[in-house]
Amino acid sequence: MIQYAPLEYSWREVVISMTSNIVLSTKEYNVVGTRPIRHDGYDKVTGKALYSADMNLPSMLFGKVLRSPHAHAIIKSIDTSKAEAHPDVRAVVTSADFVLHENKPILLSSGGIPQNMFQRSSNCLARGKVFYKGHAVAAVAADTVHAAEEAMSLIEVEYEILPAVTDVESAMAEGAPQLHDNIPGNVASHTELELGDLEKGFAEADLVMEKVYRTNTVHQGYIEPHSATAWWTPQGKITIWGSSQGHFPVRDLTASVLGVDESDIKVIPLEIGGGFGGKTTIYLEPVAAALSKKTGAPVKVSMSRTDVLEASGPTSGSMMKLKMGVTNEGKITAGQIELNFEAGGFPGSPVGGAAQCLFSPYDIANLRVDGYDVVDNKPKSTAYRAPGAPIGAFAVESMIDEICEKLSIDRLEFRIMNAAKEGTRRVNGVVNPPIGAIETQEAAKNHDHWSSPIEGANRGRGVATGFWMNGAGAACATANVNFNGTVNLTIGSVDVGGTRPGAAMQFAEVLGIPIESVNPQVGDTDTIGWTSMTGGSGAAFKTGWASYEAAQDVKRQMIDRAAMIWERPAEEIELVDGVFRHVSDNELSMTFAELAGEASGTGGPIVGSANLNPSGAGSAFATHIVDVEVDPDTGKVEVLRYTAVQDAGKAIHPSYVEGQIQGGAAQGIGWALNEEYYMAADGGMMNSSLLDYRMPTSLDLPMIDTVIVEVANPMHPYGVRGVGEVSIVPPLAAMANAIYDAIGVRMDTLPMNPASVRAAIASNNGD
């Protein structure tokens with residue numbers, strides 16, 4: 001065993017107890033870091049909260065979408081005449097009702113990454129060809145849901161059925177059916193990243209290991225199905241009600257599909273019943289709007305659970321070829337990987353995310369990553385929590401465990417020795433600012449879970465580390481100060497996992513007021529300035545910062561009001577713990593609420609605002625430990641104990657952070673053990689229900705213990721790093737490593753369900 005000198009980190013002196021949830025804090029605030037009652041809690045537990053399917057408007061019609069029964073086919077004709085003749089049907093739409101875009105990326109007026117609107121539009125309603133079973137072909141609006149369903153059966157579609165490919169290797173094989181004329185070999189793009197001298201790195205290695213890893217397609221599994229209500233008025237104005245992770249991008253994409261100006265569409269965000277990256281795009285919004293235009297009435301269109309699984313965006317299945325080199329002392333000298341990711345029917349897999357993340361927990365001088373975006377006959381892939389990173393980490397972290405076994409090095413010691421740190425250059429060229437990789441690994445090593453004995457047969461312990469780069473984007477916030485000292489805070493980020501409380505807490509911290517005095521809400525697209533998607537773990541960072549700056553604006557204005565009242569220079573007035581006071585005259589002081597009450601007579605209402613587009617969201621690291629028991633007769637894997645350690649920068653609301661960590665771990669465990677798209681020979685999904693698509697429940701999992709490590713992000717006023725993504729990265733490999741520790745069988749393909757585990761055991765035994 002290699003011996004290491006102790007590392008110097010102040011937080012290491014904190015004694016880790018048996019407490020389930022631990023916060024290793026380095027700096028305390030008055031509001032930030034506390035656990036107030038969540039602002040949306042009452043509405044959600046009482047049923048008052050409105051979700052997308054809850055919308056009901058006068059004279060509202062109901063829409064249904066006709067979907068392809070074939071995984072790959074040319075649409076030769078669509079005859080809607082019988083459906084249109086139905087007495088309760090008010091309109092039928094097809095792709096002909098959308099603008100015909102060129103099949104090339106264009107930059108929307110809001111900027112950002114160029115979008116291929118031909119493909120976006122064709123995914124909402126197929127144009128000329130269907131690329132997966134469930135692909136939308138036409139839609140009807142009728143007086144009732146049942147009439148709409150009946151009318152769908154009256155639409156006659158003539159198909160020319162084509163051969164289908166439903167996995168990445170088949171799609172890349174020589175002679176495979178070609179999905180798109182402009183994508184030869186079904187490979188839509190090739191990502192190349194390189195660092196150092198790969199040949200030199202492998203030459204320096206004493207041990208070189210190569211292996212192939214595979215993962216299956218999985219869905220985000222949000223409980224709320226997609227639904228959208230649209231009303232296109234005679235004045236040409238469109239209002240859309242729906243649940244999404246970004247109502248501004250939904251507005252912009254929908255406007256492009258329909259060929260109208262963004263300013264003609266208002267999107268009103270409703271509560272979201274889960275997204276995890278899967279509600280970052282459009283499916284029903286343009287369809288509902290087109291039906292509303294034809295009928296003049298509001299139209300609501302909703303997906304069934306089967307529609308969600310068959311026709312919304314899962315994450316990719318993959319095949320990865322990994323090669324790593326290491327010295328006998330345990331130093332990684334080189335890493336090389338070929339990533340082949342499914343994109344589904346249209347290009348755009350998360351292969352780029354995997355390419356940038358998989359080696360990033362470590363300081364490796366010589367690297368090469370080749371990523372291939374491959375189309376096949378499955379639904380177009382969409383983001384899923386740290387998109388691509390869990391898949392890549394499954395390969396790298398599994399191989400690291402094999403290397404540790406061959407070299408007889410402790411698994412956590414190996415990771416600590418090779419850990420990335422401030423100044424480490426990642427494969428994409430980025431040089432790390434202050435990060436928390438070593439800190440999470442050390443906290444895991446010092447935790448009781450790592451040192452406790454494992455008792456019983458066929459039990460084992462696994463560990464893995466994960467990385468996500470986090471993101472940000474534009475954000476806006478507006479604060480209206482009421483005369484009683486309360487504040488109405490309006491933000492532009494959709495609330496996914498605590499955005500409103502997180503913004504309100506950062507706002508309240510600046511002004512020294514109770515969090516109960518701040519009423520946070522998400523504004524619609526006409527109410528607040530353009531704000532980017534809630535995704536990439538950037539909302540607490542960007543919108544929290546915008547709220548911080550809006551509070552600073554309020555603070556400046558109120559200091560000016562106090563200066564006016566006291567007839568003193570503004571520079572002589574300060575705000576301390578919610579009290580405005582003169583720096584030298586103790587008689588001159590007013591609470592925030594008292595000064596707010598004077599607003600009317602000192603210049604009128606006080607409104608603070610901020611708009612920004614910050615960089616430096618701060619990278620996130622996590623290290624997970626898991627104990628499992630494997631039944632060798634059935635292959636069933638039981639999770640006995642789970643501990644997730646994660647760097648949050650600064651936990652704004654620790655309870656929300658714990659929930660994000662636990663949720664990501666639970667999803668990762670499901671991904672590892674059971675979840676998959678089980679495809680028939682004709683390209684159809686055979687398990688498109690929650691009875692057959694096996695996600696873990698509370699009965700399948702133990703309490704997931706959390707350790708929040710706070711390594712402050714220097715690019716944020718309170719040190720915030722995003723927390724919602726990286727928690728899903730380590731579980732896949734941690735579970736595989738635990739299974740090996742339990743029964744001595746390496747699992748290199750996901751899911752590790754009972755059948756696959758039993759087969760691996762049999763193969764290992766020579767059966």
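Every number here is computed from the coordinates shown, using simple stated rules; none is lab data. As the structure is a prediction and not an experimental result, all values here were calculated from the model. Ideal geometry is used to build each Cβ from the backbone, glycine not excepted, and the neighbour counts take in all protein chains shown.
Around the Cα centre of the stretch 472-612, unit charges on the Cβ atoms of Lys, Arg, Asp and Glu (plus for the first two, minus for the last two) sum to a dipole of about 400 debye. Distance between the modelled labels on residue 82 and residue 584, one decimal in nanometres: 9.1 nm (7 Å Cα→Cβ projection). Take 345-354, 25-34 and order them by the average number of nearby Cβ atoms within 10 Å per residue, most first; the result is 345-354, 25-34. If the chain linking residue 50 and residue 598 were pulled fully straight, counting 0.36 nm for each residue of separation and taking away their Cα-Cα distance, it would gain 193.6 nm. Peptides 454-463, 328-337, 721-730, 622-631, ordered by how many other C-beta atoms sit within 10 Å of their residues on average, highest first, read 721-730, 622-631, 328-337, 454-463. 3J(HN,Hα) along the stretch 334-349, derived from phi through the Karplus expression 6.51 cos²θ - 1.76 cosθ + 1.60 where θ = phi - 60°, amounts to 7, x, 9, 8, 10, 9, 10, 10, 5, 9, x, x, 10, x, x, 6 Hz, with x in place of Gly and Pro. Neighbour counts of C-beta atoms inside 10 Å place 404, 124, 357 in the sequence 404, 124, 357, starting with the fewest. When +1 charges are put on Lys and Arg Cβ atoms and -1 charges on Asp and Glu Cβ atoms, the dipole computed for the stretch 389-510 relative to its Cα centre reaches about 260 debye. Neighbour counts of other Cβ atoms within 10 Å put 320, 735 in the fewest-to-most order 320, 735. I want the local charge near residue 345. Using Cβ-Cβ distances under 11 Å, sum +1 for each Lys or Arg and -1 for each Asp or Glu among the other residues. Summing Lys and Arg as +1 and Asp and Glu as -1 gives +2. Between residue 655 and residue 483, the simple spin-label model (points 7 angstrom out along Cα→Cβ) gives 3.4 nm. Placing unit charges on the Cβ atoms of the charged side chains and taking the dipole of the chain about its Cα centre, the candidate lying farthest along the positive direction among 565, 137, 335 is 137. Taking every alpha-carbon pair in the chain and binning the separations at 10 Å intervals from zero gives 3, 14, 22, 24, 19, 12, 5, 1, 0, 0 percent. Site pair residue 762 and residue 30 shows an inter-label distance of 6.7 nm when each label is modelled 7 Å from Cα along Cα→Cβ.
The charge dipole of the chain, taken about the Cα centre with unit charges on the Cβ atoms of Lys, Arg (+1) and Asp, Glu (-1), comes to about 900 debye, rounded to the nearest 20.
Using 0.36 nm times the number of residues separating residue 233 and residue 43, minus their current alpha carbon distance, what extension gain do you get? Walk me through the intermediate numbers first.
Numbers: separation 190, 0.36 × 190 = 68.40 nm, distance 3.07 nm.
The residue 233-residue 43 span can extend by a further 65.3 nm.
Here's the picture: charge each Lys and Arg Cβ at +1 and each Asp and Glu Cβ at -1 in the stretch 367-470, and of 381, 462, 417 the one pushed furthest to the positive end of that dipole is 381. Say R0 is 35 Å: what FRET efficiency, to the nearest 0.05, do residue 516 and residue 452 get from their beta-carbon distance? The pair residue 516/residue 452 has a calculated efficiency of 0.25. With r defined as the distance between the Cβ atoms of residue 552 and residue 701 and R0 fixed at 35 Å, what FRET efficiency is calculated, to the nearest 0.05? Approximately 0.25, to the nearest 0.05.
For 129, 650, the sequence from fewest to most other C-beta atoms within 10 Å is 129, 650. The HN-Hα couplings worked out from phi for the stretch 96-112 by the Karplus form 6.51 cos²θ - 1.76 cosθ + 1.60 (θ = phi - 60°) are 5, 8, 9, 5, 8, 8, 5, 7, 7, x, 10, 9, 5, 4, 7, x, x Hz, whole numbers, x standing for Gly and Pro. Using the Cβ-Cβ distance between residue 161 and residue 678 with R0 set to 30 Å, the FRET efficiency works out to roughly 0.90.
The sum of -39500 (n - 2.57) across all DSSP H runs of n ≥ 4, divided by the residue count of the chain, sets its helix-only mean residue ellipticity at 222 nm to -8000 deg cm²/dmol. Neighbours of residue 454, meaning other residues whose beta-carbon lies under 11 angstrom from its beta-carbon, give a summed charge of -1 when Lys and Arg score +1 and Asp and Glu score -1.
Tell me, in nm to one decimal, what length is gained between residue 210 and residue 567 on full extension, where the rule is 0.36 nm per residue of separation less the Cα-Cα distance?
Contour length minus the Cα-Cα distance gives 120.9 nm.
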